[in-house]
Amino acid sequence: MPSHNEYSTVSSSHRSTRRQASAAPASAAIAAACWGRDRSRNGAVRLWWTMAFAVAAWCLLSGVATAQKYETYQLDKRFESFKDPKKAGELERTVSQLKMARDLSNLNSRTPAMAKFYLEEYIPWKLTQKENLPELSKTIEELLKDLEGAQRMSSAGTRTLLAGTFVGMKKIAEGNYMPAARINAINALARLNSRPLDIAAGRPPLPLSYSYPVLFKLYADESENDGVRAAALHGMHHYVEFAFPAIKGDDRQALIDEMNELLAAQPPGSRNPEAHAYLQRFAVDILNTLRAPDDASLGTQLFSISTSEAQPDLIALYSASKLGGLDAGLQGKVDDPEEVTKQWSLRAFNAVESELARFASQTPPPASSPQPPNPITFLQKSETTRDRERSQRAGGRGSMAGGGAMDSSYGSMDQYGEMDMMGGSMDGSMMDSAYEGMDAYGGMDMMGSGGMMGMGMMPQAPPQPPEVSLSRRKLSFVLQQLLRGATGSPKGEIGETPGGLIAAVEEPQRAAVQEWVDSMLAVVEALNDKTLSDLELWTEALEGQRPALGALAGVDVGPIEDPDAIDTRPLLPLPGMGGPAPAELPGELPAGLPAEAATLPGLPATE
């Protein structure tokens, strides 16, 4: 079982690693910064359990479909009494005692043994019972929290808690139990650390080395449930991110071979292509971390994936983005950058087309034509001018007397500064002359440009509807991934050591790549215009970018057809209806046709 200071030499080896540590993502440094924030850490925990819920649902549906029977962990008959929650509470208290212990000699001699039984026997029994399914995540999260607390306090019971948690989770992960229980156990194994996070020292956690062989075995077994394999791959990704220097020799090569196979494989028949692309993203990250500094094979693969029309956007755009982090060894790997930028432009064009199609599908159908008026209304007495004036005077007196109806006396002002006053209107230009200027959104500038009564009032951008904001974020993310793949920066800025496409072409071809980057930045600027404050303006902006993106992608862009538009083309005359004769009639008929064929149907024959 691992000791508290396992892999004490890994930290120094990690700091002295060759350029590999800088070519791959700076895992430890980045991780320390990220894990140093409580908010980010909580987000990471939520991501773990979101992943667990997703793959658990995936597995449960698969299990129901195949009518597969799952086992439950059996307690020894001597310990049946611990199935009672009150007796189980005694076991839980022993775990708390070990967590807080400074010296094991101060504890009851049975405490470590009871805690070991709780973690290695009782927990596997509890988590494999169907009635405890809603408590899976909560139970495991509490176990990991107790273990982490013991490690932070350097408790004397840390070794017992770590060993017991590992053994219990391993039993569940490798057994024929409910997929939900197995997946939660696999996620717990991946989160076990032999050395905890040290925020003060800026030191990331070091995953438990005993967990990795279990995870690799579960992933490599193709007969395993797809959800179980996905959870194991997720755990391997986490382990490689924080402990890649510890993976050496045959283990390292076996992992590289598995990830290359996954990256090149087509989705199996039982797996959704989007789910397959999601798993391939883990393979890209693992290969990027383990690759040698001068190894350009991954870059070649990523160019191939990102430019293949058969690949889903999920992996194609991700591959393009990861190219931005590669520089060494890419020189001269791309002969024709235009082919790459053309395919990347097609991804952006299709993303815009997808958004326009989505908005079009949400547009309600046009209102049906109104019904004709009821004939009885023609028999009713119409309101005279005197009656209308009387009702208006009565309404005006009622409004002023009530004191609450300001609209009738002062009008109403909408969000664009237009005021309706006493039946008339005052637009922005009239307000300018009266109040030293009011902008288009109701911001009044009085006493010069210094703001109202000396208080500066900066013009505010109009509020963005949720559908516009979400659509902008989606398209911006697509464009940022492409720009990062081209220059190494999501903003399209070329640094001192450029990465991605511009680093993979020869010097004379970089101008063409820069021209494409400038064109994409123009699209980004147009879509980030904050004055696009409603869905109509946003869709117009998207339609305005179609020609530019279509030209970059080599797509002939035509106008979007309106299915409700009326066809105004002239109708051709029907035969025999006296329409104009053709400008020219054939002088001679083909051989074998009768002479009567020279006449048009419905017209008199020529004599």
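Worth pointing out:
- Qualifying residue in the range 310-321 (condition: hydroxyl-bearing (Ser, Thr, Tyr), assigned to a helix (DSSP H, G or I) and open to solvent by 50 Å² or more (accessible area, probe 1.4 Å)): no
- Check on PRO245, within 28 Å of the chain's Cα centre (by Cα) and either surrounded by 22 or more Cβ atoms within 10 Å (Cβ to Cβ) or farther than 30 Å from ALA113 by Cα (or both): no
- Within the range 495-540, the set of residues being of a type in the set (Val, Ile, Thr) and either open to solvent by less than 70 Å² (accessible area, probe 1.4 Å) or under 29 Å from GLU355 (Cα atoms) (or both) comprises ILE502, VAL505, VAL513, VAL517, VAL523, VAL524, THR531, THR539.
- Filter result for LYS171 (of a type in the set (D, E, K, R), in contact with a Ser or Thr (Cβ under 8 Å, 6 or more places away or on another chain) and either in a helix (DSSP H, G or I) or open to solvent by 40 Å² or more (accessible area, probe 1.4 Å) (or both)): no
- Within the option set PRO293, PRO365, being open to solvent by 30 Å² or more (accessible area, probe 1.4 Å), assigned to a loop (DSSP other than H, G, I, E, B) and modelled with pLDDT under 95 holds for one residue only, PRO365.
- Filter result for ALA156 (at negative phi and either buried (at least 23 other Cβ atoms within 10 Å of the Cβ) or assigned to a helix (DSSP H, G or I) (or both)): no
- So ALA150, is it surrounded by 20 or more Cβ atoms within 10 Å (Cβ to Cβ), over 28 Å from LYS69 (Cβ atoms) and not polar (S, T, N, Q): yes
- For the range 203-227, the candidate set comprises residues that are crowded, with 22+ Cβ neighbours inside 10 Å and hydrophobic (A, V, I, L, M, F, W, C); within that set, the residue that is nearest to MET178 (Cα to Cα) is LEU218.
- Filtered by the rule that a residue be among the aliphatic types (A, V, I, L, M), without any contact (Cβ under 8 Å) to a residue 40 or more places away in the chain and farther than 24 Å from SER297 by Cβ, the range 310-359 gives a lone residue, ALA357.
- When GLY269 is tested against (1) over 17 Å from ASN225 (Cα atoms); (2) open to solvent by 10 Å² or more (accessible area, probe 1.4 Å), exactly one condition is not met: (1).
- Of all the listed residues (ASN176, ASN187), the sole one being more than 16 Å from THR111 (Cα to Cα), among the polar types (S, T, N, Q) and assigned to a helix (DSSP H, G or I) is ASN187.
The values are calculated or read from the model by the stated rules, or taken from the named source; none is laboratory data. Predicted, not measured: the structure shown is a model, and the values here were computed from it. Methodologically, a virtual Cβ is constructed for each residue, glycine included, from the backbone with ideal geometry; neighbour enumeration extends over all protein chains shown. The protein model used for the area step is the full one, side chains on, heavy atoms only, and it has no ligands, DNA or RNA in it. Shrake-Rupley method; radii C 1.70, N 1.55, O 1.52, S 1.80 Å.
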